[in-house]
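Here's the structure, in structure tokens; my notes come after.
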Amino acid sequence: MGEHLGIQNRFSFMTGNIAVLTMTQVLGRFFRSMVFPYASLYVLALGGGSSQIGIINSLRPLAGLVMFPLAGYFTDRAGRKILIALAGYLSAATMMLYVFAPSWEWIALGAFLQGFMVFQFPPTSAIIADSLAPENRGIGVATMTTIASVLGMFSPYIAALVLQIYDTAPGMRILYALLAGAGAAGATINLRFLDETAREVEMGPRLSVSQIFRDVYGGIPLMLRQLPAPLKALGVVMVLGFMANGVASSFWVVYVVEEIGLSTVDWGLILFIEGALKVVFYIPAGVLVDKYGRARSLMASLLFSIISIPMFVFARGFYQVLAIRLAVGVSNVLFIPACSALMADYVPRDIRGRVMAALGRGTVIVGATGGGTGGPGVGFLITIPLMVASVAGGILYAVNPIYPWLFLVFTILMSLAVTGLYIRDPKIAEI
């Protein structure tokens with residue numbers, strides 16, 4: 001009985017906003033995990049090549065240069081809930097371009113328009129940070145990720161079967177249509193059940209459009225100067241992580257199919273097993289992050305990745321690729337809660353929306369296999385490096401398929417150096 005109460009108390013944070021966002025993350029993750037691992041194959045099926053894949057990936061973050069600062073401003077002054085729901089509905093609508101795309105250029109247009117939906121991420125990040133006590137942030141993020149991943153771990157394999165049955169282009173149209181429906185449903189749930197967490201003093205008076213732009217862009221240099229050195233260093237690590245994903249994430253499946261010779265079903269099975277591993281270890285990893293420290297956990301994650309990712313270019317069969325992806329999975333279960341908790345610990349509540357709009361939530365996916373170049377982890381300061389990396393990824397792969405993974409090794413080594421020299425846990429975490 002006492003043990004049951006102890007477990008219940010340990011997960012007492014899974015109520016209210018955290019429960020609602022977890023529910024909508026489950027829905028979104030399930031269908032996104034069907035689409036993202038195979039998005040590059042859809043571009044190839046519609047007449048594009050590796051260079052076009054890079055161009056498409058670079059267009060998605062472009063709108064973030066404008067939308068992230070504005071979203072951070074409105075998150076702190078106008079509230080979180082409405083922004084989250086609105087973005088969900090608009091995202092579902094623009095997803096129709098993917099469903100009916102006759103050529104890769106339509107995918108490029110869809111990627112550009114989807115980039116405007118990033119205004120949902122600062123308010124989502126702020127609500128999560130607002131709704132979790134400092135001592136629960138590591139396990140809180142890990143628990144949300146675990147629950148969202150339980151169904152999502154089946155998605156790549158299910159999607160691979162759909163593509164095998166219907167072929168790549170028709171199958172991807174089906175998957176994108178399902179993703180659009182899930183986005184609309186999630187937006188409705190968020191609008192109906194989320195509670196606003198912005199304080200009245202934060203919400204402030206209404207301002208003119210010109211004043212909003214002056215406040216947003218004029219205040220960025222001062223905000224950055226006020227950030228503590230460890231948070232700036234964490235920002236560097238996140239930039240490097242997203243640049244790595246911009247270069248390589250879209251080409252994991254292409255390399256596996258074209259260079260190693262595995263089928264899409266083989267790749268889907270590997271991602272399913274990796275997903276199952278992460279589901280098992282996310283919550284224990286979150287406990288370790290809270291118990292032994294965020295900075296130590298971040299360093300351990302990077303060490304796992306530097307050992308595993310370089311071996312991918314030497315892999316020659318199913319089991320070798322599987323072993324590498326399992327090691328990458330271990331790196332991920334440590335990196336995400338450690339990085340997210342550090343962000344929440346260092347950033348005061350009253351500027352949390354603006355800072356997370358600049359730097360993201362901290363949820364960089366290590367070794368992303370599709371996607372990994374958007375989402376709540378991206379901030380507007382990450383956008384330009386990410387765009388450059390995405391274009392470079394297509395060029396590098398066209399020159400030599402091994403080059404994207406050599407770039408990954410460089411970014412991981414740089415991240416290890418920055419983490420070891422500058423990133424430390426704060427003595428007192430922000431509430």
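The values are calculated or read from the model by the stated rules, or taken from the named source; none is laboratory data. Just so it is clear, the structure is predicted and the values come from calculations on it, not from any experiment. All Cβ positions, glycine included, derive from the backbone under ideal geometry; neighbour counts span all protein chains shown.
For region 355-373: of the residues being under 23 Å from ILE53 (Cα atoms) and more than 8 Å from the chain's Cα centre (by Cα), which is modelled with the lowest pLDDT?
Across region 355-373, the extreme among qualifying residues is GLY370.
Kindly indicate which of GLY286, GLY268 is assigned to a helix (DSSP H, G or I), surrounded by 22 or more Cβ atoms within 10 Å (Cβ to Cβ), modelled with pLDDT under 90 and small (Gly, Ala, Ser).
Exactly one residue qualifies, and that residue is GLY286.
Name the residues in region 395-431 that are under 19 Å from VAL239 (Cα atoms), more than 23 Å from the chain's Cα centre (by Cα) and of a type in the set (Val, Ile, Thr), would you?
none
Can you name the number of the only condition in (1) modelled with pLDDT of 90 or more; (2) surrounded by fewer than 24 Cβ atoms within 10 Å (Cβ to Cβ) that SER390 fails?
Failed condition: (2).
Please give the number of the condition SER331 fails out of (1) more than 21 Å from the chain's Cα centre (by Cα); (2) under 19 Å from SER33 (Cβ atoms); (3) of a type outside the set (A, V, I, L, M).
Condition (1) is where SER331 drops out.
Can you find even one residue in region 178-190 that is within 19 Å of ARG361 (Cβ to Cβ), in a helix (DSSP H, G or I) and modelled with pLDDT under 85?
Looking for residues that are within 19 Å of ARG361 (Cβ to Cβ), in a helix (DSSP H, G or I) and modelled with pLDDT under 85, one finds none in region 178-190, hence no.
Quick test for you: out of VAL253, VAL280, pick the one residue that is closer than 30 Å to VAL236 by Cα and touching a Gly at 6+ places or on another chain (Cβ under 9 Å).
VAL253
Hey, can you tell me all the residues within region 120-134 that are touching a Phe, Trp or Tyr at 6+ places or on another chain (Cβ under 9 Å), surrounded by 24 or more Cβ atoms within 10 Å (Cβ to Cβ) and either under 30 Å from LEU44 (Cβ atoms) or at pLDDT 80 or above (or both)?
PHE121, PRO123 - these are the residues of region 120-134 that are touching a Phe, Trp or Tyr at 6+ places or on another chain (Cβ under 9 Å), surrounded by 24 or more Cβ atoms within 10 Å (Cβ to Cβ) and either under 30 Å from LEU44 (Cβ atoms) or at pLDDT 80 or above (or both).
Using the structure shown, decide if TYR255 is at pLDDT below 90 and more than 20 Å from the chain's Cα centre (by Cα).
The answer is no for TYR255.
Just wondering, is there one or more residues in region 105-119 that are out of contact with any Gly (no Cβ under 6 Å at 6 or more places or on another chain) and modelled with pLDDT under 85?
yes
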